[in-house]
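Participant: One structure, as structure tokens, below. Some questions next.
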Amino acid sequence: MTDEKKPLHLEIQRPFRRFLEEYEPLRPDLYRYCRYLTHSPWDAEDLVQDVLARAFVTLAGAMEVPKNPRAWLFRVASNHWINQAKRRREAPLSVAPEAATESDPRAAREAAGSLVARLAPQERAAVVLKEVFDCSLEEIAESLSTTVGAVKAALHRGRGKLTAPDERSVAGTPPHVLDAFCAAFNTRDLDKLTALLLENVELEFPGLHTDYGIEAARRALGATMAHAFAFLAPEWRGDIVEGSPRFEVRTHRGEHLVVAWWQHGGGEAVRAFSRVECEGERIARMTTYFHSPEAIAELSRELELPFRTNGYRFWW
């Protein structure tokens with residue numbers, strides 16, 4: 001009897017999905033931490049995905065499970081982000097918030113976040129862990145792979161550097177190709193839609209999968225036009241109307257996004273956002289945040305749009 005092996009990607013899927021399910025309850029806190037570090041919902045979600053991938057690989061070679069899984073994930077996030085910042089020789093970020101007022105809690109939150117964004121990487125991480133998550137000095141030292149004395153020094157330096165924020169950047173006119181892309185999708189013209197894509201177009205769904213090329217894009221976009229059930233676990237479907245999605249261009253913090261709406265029994269709601277990279281008059285890359293509930297909720301609230309989230313995964 002022949003013992004045929006499964007394809008490698010299928011062998012890997014099962015333990016990785018189990019890992020994601022096991023650590024799913026920690027995702028909201030991990031996102032919040034990454035959000036403060038990166039000062040961007042998109043970068044935060046990307047960092048979360050990097051952290052989960054690195055944590056999975058690290059856990060596979062570990063002799064025992066982490067005693068404090070949340071602190072361990074924070075440590076993986078801190079190390080990865082600080083190393084990235086050092087490689088880029090990152091200057092302190094200056095993000096453009098509006099002036100905070102008592103009647104505008106979002107502006108107040110953004111103003112506070114922009115102050116933290118001006119700190120050096122380790123200072124920023126230390127301040128966030130202390131002020132936002134109320135971690136002890138020992139917990140912060142563990143998360144940052146350093147000593148309590150170094151944490152005290154980082155907190156002292158960080159708190160002394162906080163200054164007033166800069167002005168918000170202003171977005172230009174959206175590229176024509178984005179309007180054409182949304183129009184073709186909304187009229188269900190798949191040929192016209194794919195004609196706007198580069199031959200080697202990349203469609204990424206962070207943390208889940210990536211499609212490459214025109215034919216893969218036709219399948220993915222065609223499935224999106226027809227139904228959403230394939231991408232949603234039963235508990236997240238609600239009263240969604242099949243075949244009802246539409247796209248439109250919205251601007252958020254100086255970036256043009258493609259917003260995906262679906263019709264429900266109670267009206268339309270946003271269920272996904274896409275970041276788009278163009279080359280000339282064609283789309284080279286789309287990164288679609290569908291199973292990213294924290295990012296979808298944050299973006300929708302800031303744009304004052306009704307929304308529904310889709311959980312962290314498409315399998316059940």
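Participant: So for segment 176-302, averaging the separation of alpha carbon pairs under 8 Å that are six or more residues apart and normalising by length, what relative contact order in percent results?
Facilitator: Result for segment 176-302 is 24 percent.
Participant: Suppose R0 equals 35 Å; then what is the FRET efficiency for Arg250 and Thr147 from their Cβ-Cβ distance, rounded to the nearest 0.05?
Facilitator: 0.15
Participant: Between segment 242-316 and segment 1-75, what's the alpha-carbon centroid distance in Å?
Facilitator: Cα centroid of segment 242-316 versus Cα centroid of segment 1-75: 23 Å apart.
Participant: Taking the simple approach of a point 7 Å from Cα along Cα-to-Cβ for both Asn79 and Ala297, what is their distance in nm?
Facilitator: Result for the modelled spin labels: 2.9 nm.
Participant: Another question, if that's okay. When the chain is fully extended, how far beyond the present Cα-Cα distance does His156 get from Glu215, taking 0.36 nm per residue of separation?
Facilitator: Extra length from His156 to Glu215 when fully extended: 15.7 nm.
Participant: Under a crude label model (7 Å from the Cα following the beta-carbon direction), how far is Asp134 from Lys67 in nanometres?
Facilitator: Distance between label points: 2.3 nm.
Participant: Separate question: Output wanted: per-residue J couplings in Hz (rounded whole) for segment 246-252, from phi through Karplus 6.51 cos²θ - 1.76 cosθ + 1.60, θ = phi - 60°, x for Gly and Pro.
Facilitator: Per-residue couplings from phi come out as 9, 10, 8, 8, 10, 10, 9 Hz.
Participant: Can you list the HN-Hα couplings for segment 263-273, worked out from phi with the Karplus curve (6.51, -1.76, 1.60; θ = phi - 60°), rounded to whole Hz and with x for Gly and Pro?
Facilitator: Whole-Hz 3J(HN,Hα) from phi for segment 263-273: 7, 10, x, x, x, 6, 8, 6, 10, 6, 10.
Participant: For labels at Arg313 and Leu190 in the simple 7 Å Cα→Cβ model, what's the distance in nm?
Facilitator: 2.9
Just so you know, all these numbers are worked out from the coordinates, no wet-lab data involved. All of these numbers come straight from a predicted model, not from anything done at the bench. Using ideal geometry, Cβ is built from the backbone for each residue, glycine included, and neighbour counts are taken over all protein chains shown.
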